[in-house]
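Notes to accompany the following structure.
The values are calculated or read from the model by the stated rules, or taken from the named source; none is laboratory data. Note that the coordinates shown come from a computational prediction; the quantities given were computed from them, not determined experimentally. Using ideal geometry, Cβ is built from the backbone for each residue, glycine included, and neighbour counts are taken over all protein chains shown.
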Amino acid sequence: MPTYVYEVVKPDGTGGDRFELLQSMSEPALQQHPETGRPVRRVITGFAIGGKSTDIGNPKLLSDRNLDRLGFTKYVKSGDGKYEKTVGSGPSQISADQEP
């Protein structure tokens, strides 16, 4: 089943908060938020299909070596709100409680 993205419709007609919903393709689009009852509309978004001929299907593109070569810094979660650098030139670790 596909995951659909919906957004709350504000009184002025602009989009508000978004949420995802797993729905069968045969089900009609929601008209109201399932919890709040506020009006919603389905949002058209991009999608990704993984496979041999796509970036998603090629783990070498996200390897530490390739990321470093392209100038990216990669961090891996090491604890609650803490991340340690695995490759790149950024700080050796970052955390959610650091000030900008």
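Given the condition modelled with pLDDT of 95 or more and β-branched (Val, Ile, Thr), answer yes or no: does some residue in region 29-42 qualify?
yes
Find all pairs meeting these conditions: Cβ atoms under 8 angstrom apart; at least six residues apart or on different chains; first residue within region 60-83 and loosely packed, with under 10 Cβ neighbours inside 10 Å; second residue assigned to a helix (DSSP H, G or I).
Hits for this filter: Lys60/Asn66.
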